[in-house]
Structures are given as structure tokens and as C-alpha cells.
Amino acid sequence: MAEIELKNVSYSFGDRVALEDVSFELNSPFFCAVMGPNGAGKSTLLKLMLGLLKHQSGIIRIMGYDVPREAGKVRRLIGYVPQVIDIDYRVPMSVEEVVAMAALSRDLPPRIMTGNVRRKVREVLELVELDDPSMQFSELSGGQRQRALIARALVSDPRILLLDEPYSMLDFNMKCEIAELLYRLHKDKGIDIFLVAHELSPCIHLEPIVILLNKRVYAIGRAGEVLTLENLRRAYPGLTEVPAGFILGEDHG
Amino acid sequence: MTLDLLALIYLSAAANGLLVGAISLPLIISRSTLFALTITHAVLGGAILGIYVNEVLGVGLPVQLTAFLVALMLSILVAELSEKFFSEDVSIALAVALATTITVVFSYLLARISPAGLSQAWSYVAGTSAVATLSDLQRTLSSLAIIVPLIHMTSGEIKYISFDRDGAAALGLNTRAYRYLFFALGSLAASTLSMSMGVLATHVLLAIPGAIAVKLFRRKLFTASYLSAACLSLGGYALAQALNIPPSGGIGILSAIAILGMVVAREA
């Protein structure tokens, strides 16, 4: 049984097609990166896999569970890391509050932070190398924010991490640090990684499985097989060739 | 004034303050001050609609009920419009336009059939409780008994949903249910407060205690919100008594001073 299985998945926002006949399968263990230009449907794909968008056509199964019907069960197996640009930093939240809600969300209200939850929060913060849970989320650097969101996804011991543009709004060194952290979680903790990004340079040396997506899947396989000029030309209509290589686009967000 | 009446007035003021303190912080934290604008406009429209219906049909509908229901319906309209069609700003503008239309149309119709009804409606703008009654206090305490426990049980989730809506939904939180519950509690608080201190003072006061708590304190935000709301309410009543103006005027003056104080503190 494939851990992630999509068959003929299509999705439209009104007349605008976001995904068209997308099919692929991933078997555990995997470190997979979905690559595509802005507007390629990458975030839509993640939201469909989480059941956050209403399913329109095709089949999505995560670890054997049918996503539209069993979204609750699927969400218990998945840790989700949203795009940082979707977070409202003006809401006053400490790092501890951000991470703890993921642990508390399975309880009924009132969700009270117990000693066990505090301990668990500290454990995952150590894992992502953040040491002060009392810091306000708005006071963190870009890389620290990404780490706090990864910690939140880890606190419920997920089997799979879904990450939406984890390298956006970061300088290159920080992007590489986040990529290394994800790879370490994959290798040491056995967590499967499924991330979407419009550029893979920070993690390309980690040899992820790459899915080239622009509304439909153009190629899937190891980076060396997928990232050929021919495939990129097909998936990136705006690709600009320059003497030193090619330019895919601007940084997201 | 007798001691009993004074005690009743200040007990009502304190209860109003606690009600404001409970709802103000989640309003500020969830960036919903514009939503407060919708509620207060809708409360006014609903109150005038209720008075008109009572005059025309000769029934005794509780005006607070119609105010609450109109506020709730327009809040849900904002939620649905911003979920499916427009940005939140546009949705709020539409709801406020609708509430204002209800207010203007039914004020006009009311003026034609009952000038006394119109003056009753006007009291919802300026506030009625220059002299508080026992029923004012009972009404506020009943609302407090519903709002305070529910707000404390759900404020963490409301805050979290404002922080990261998709993330909260991915954690399994029913974001729509929490939003509706919050709107219902906001509508109930606004309709209760408007009955005593008036729509204008309610509108001003709803945002300030939460803003004071968030701007000036890092911890114990609810305590700060409750205390500042109680101070503004009690102080407003005292100021109104000293200046011989309606309580809403006293609350308005103190609120303006509080806003100026926050601006000065931030600039400093």
C-alpha cells in the first residue's frame, strides 16, 4: 500500500484550473519535494491532501485512508507546516502557545496546558533547536519562525510532515539549515517529508524525490532525472535561459 | 440620590465593565475591531426594528432580542461573505451599509407613526441608564454568566484561528463553529451593553480595554482587560455624575483619554 496515493485529482477555483489530472504514488520512506512555479497548484495540492479544500474529483489516499471521507484520521497522522506568509504575526502568541495547541487540539475545551504538554513542547523545541518557549512568535527571526512551526507539526508525533514553502522568506544559509533539519528528522525519526517549494536548491544535495508540477505532473523521480532542461522548459513557461544556466523565477512571498 | 440607587448604578457600571473586559480582548487579539463596528451598527438597526414592530403590531417583543438577532445575522453574513466571496473589509462595509439602511428606514417609518417610539430608539444611541434599574443589573449579570465562561473556554482557540486559520483547521479545530460562537457572544455583549450605555459608548469601549491589555502588558492579558474596562466604566459613570451628563458621555471622555494615553506611551 502506498503511503500517499493520488489518482486523477483535479481541482478548480471557479473557471480557473488549479490542478489537472494529478496522479502519483509515494512509498515510505520518502523525502519528497514538489517543485513548480507560482500558481502551479502546489499549496492547493497540500490543502487537498489535508482535506482543507473540498474534494472535487479523483482519489486521494493517505496511509490507506480516503481523505475526503476520513480527513480527521488523516490529520492525526500528518503534521502540517503552512506558509509563513499565511500567519498573522500581529496576534500575540508565545512559541509555547503556538506549539502546545497542536498537542491540546485533540482534547475537548477547555484545553488546559498540563505539565505533560509543557514537557512535550520543550522536547520538540529542543529537537528543532529553539530554547526559549516564552518568546513571542512575532519576535523570532524568519528561520526561528519556521522552526517553531515545524515544532508545532512534530508535537503530535506525525508519520508524515507536509510543508508549504518552508524555504520562503529566508536567506540561503537559513534555507539550507531548514533543509538539513528536515532531512535529520527524516533520517533519525523516520518521518516522511512532503514539501512544496518553487526552488529546491537548498535541499537538492539531499537527493529528494522530485515531483515537477504545474497544474499537472510533468515528471517524478530523482532530482537528476527530473530536473532536465527539457522538463523545466515544459513546466516553467517563463523559463529564461542565460549563459550560466537558467532562471526559474523570483522568491516566493 | 439615595445610597441604594448609587450602589445600583455603580454595580451596573462594574458589571458592564466586566462584560466589556471579557469580549474586548478576544476582539482585539483576533483583529476584529472592524467586526465590532458591524455589531454595534446592527444592534442599533435591530433595536429600532424591534421598537417599530412593537408599535405596529402592538406586541411586546423584547427589544434586546431583536437587537441581538439582527447583530447575529449580520455577523454571520460577514463571516459567510468573507469566507466565500469578498475580503473581510468589503464584507463588513456591506453589512454596515445594510444595518444603516435598516436603521434609517425604520427610524423614518417609526417617526411617522410614533414620535415617542423614535425617542426610545434614540436612547439606544446615547444610552438609557443615567439611572440604573434592577432589571439593567439582572440583564447584564445574565449576559455575564453566559459570556465569561464561554469566552474563557474558547479564547485560546479564537486566538489560534486568527493566528493561523489553515493551521488551526489542519489541527482539527472547527474554525467555522468557533467563529460563529464568537460572533454570537459578541452580539449578545453588544446588545446588552447598548441597552444601558448606548451604541456609541459601546462601540468606543469595546475596543479599548483589549487594546490597553495587548499594548501595555505581556502577561495576564484578561486581568488587564477586565481591570481597565471596569475602571473606564466606573470612572465614566463617576465623571458623568460630576459633569451632569449621560454615562455614555463620561465613558466616551475617559475612553478618549485612554486612547491618547496609549498613543503618548507608544511615542515615548
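The values are calculated or read from the model by the stated rules, or taken from the named source; none is laboratory data. Since the model is a prediction, treat every value here as computed from it, not as a measurement. Every residue, glycine among them, receives a Cβ derived from its backbone with ideal geometry; neighbour counts consider all protein chains shown. Heavy atoms of the whole protein, side chains included, go into the accessibility calculation; ligands, DNA and RNA do not. Shrake-Rupley method; radii C 1.70, N 1.55, O 1.52, S 1.80 Å.
A few points about this structure:
- Kyte-Doolittle at least 1.0, axis length at least 20 Å by Cα - qualifying DSSP helices, chain B: B:3-29, B:33-57, B:63-84, B:88-113, B:199-216, B:221-243, B:247-267
- Alpha-carbon centroid distance for the pair the stretch A:1-30 / the stretch A:87-130, whole angstrom: 31 Å
- Modelled this way, with points 7 Å down the Cα-to-C-beta line, the labels at residue B:112 and residue B:146 are 3.4 nm from one another.
- Accessible area of chain A belonging to carbon and sulfur atoms, whole % at 1.4 Å probe: 48 percent
- Against the criterion of solvent-accessible heavy-atom surface with a 1.4 angstrom probe, A:15, A:66 sort, most first, into A:15, A:66.
- Å² of accessible area per residue within the protein assembly as shown, as computed with a 1.4 Å probe and no ligands counted: 44 Å²
- Accessible surface of residue B:94, taken over heavy atoms with a 1.4 Å probe and every protein chain present, rounds to 80 Å².
- Reduction of at least 40 Å² in accessible surface, 1.4 Å probe, comparing all protein chains with the chain by itself, residues of the stretch A:102-140: A:105, A:109, A:111
- For the residues B:66, A:114, a 1.4 Å probe over the protein chains yields an accessible-area ranking, largest first, of A:114, B:66.
- Principal axis box of the stretch B:3-267, alpha-carbon based, largest edge first, Å: 53, 43, 35
- Principal-axis tilt of helix A:142-154 within chain A, Cα atoms, nearest 10 degrees: 80 degrees
- GNM flexibility winner over chain B from B:97, B:71, B:190 (Cα, springs under 10 Å): B:97
- Interface size, chains B and A: roughly 2200 Å² of accessible area buried, both sides included, 1.4 Å probe, rounded to the nearest 100.
- Computed over chain B with a Gaussian network model linking Cα atoms closer than 10 Å, the most mobile of B:226, B:108, B:237 is B:108.
- Solvent-accessible area of residue A:85 with every protein chain in place, 1.4 Å probe, in Å² to the nearest 10: 80 Å²
- Whole-percent carbon and sulfur share, accessible surface of chain B, 1.4 Å: 71 percent
- Relative packing of peptides B:257-265, A:100-108 - highest average C-beta neighbours within 10 Å first: A:100-108, B:257-265
- Accessible surface, 1.4 Å probe, highest first, among residues B:164, A:88: A:88, B:164
- Counting DSSP beta bridges with both ends in the protein assembly as shown, the antiparallel % (nearest 5): 55 percent
- Per the Cα gyration tensor, the protein assembly as shown maps to an equivalent ellipsoid with semi-axes of 52, 25, 20 Å, ordered largest to smallest.
- Listed values for the stretch A:175-182 are Karplus-derived 3J(HN,Hα) couplings in whole Hz (6.51 cos²θ - 1.76 cosθ + 1.60, θ = phi - 60°), namely 4, 5, 5, 5, 4, 4, 4, 5, and x replaces Gly and Pro.
- Amide H partners (placed H, <5 Å) of residue A:81, local residues excluded: A:162, A:163, A:164
- Using just its DSSP H runs of length 4 or more, each adding -39500 (n - 2.57), the protein assembly as shown gives a mean residue ellipticity at 222 nm of -20000 deg cm²/dmol after division by all residues.
- Size of charge dipole - the stretch B:3-267 - debye, nearest 20, with Cβ of Lys, Arg +1 and Asp, Glu -1, no other charges: 420 debye
- Between the stretch A:189-218 and the stretch B:134-192, the Cα center-to-center distance that results, in Å: 40 Å
- Candidates A:162, A:206, A:46, ranked by Gaussian network fluctuation over chain A, Cα under 10 Å, top entry: A:206
- Remark: mean inter-chain Cβ contacts per residue of A:80-91 equal 4, using a 10 Å Cβ-Cβ cutoff to other protein chain atoms.
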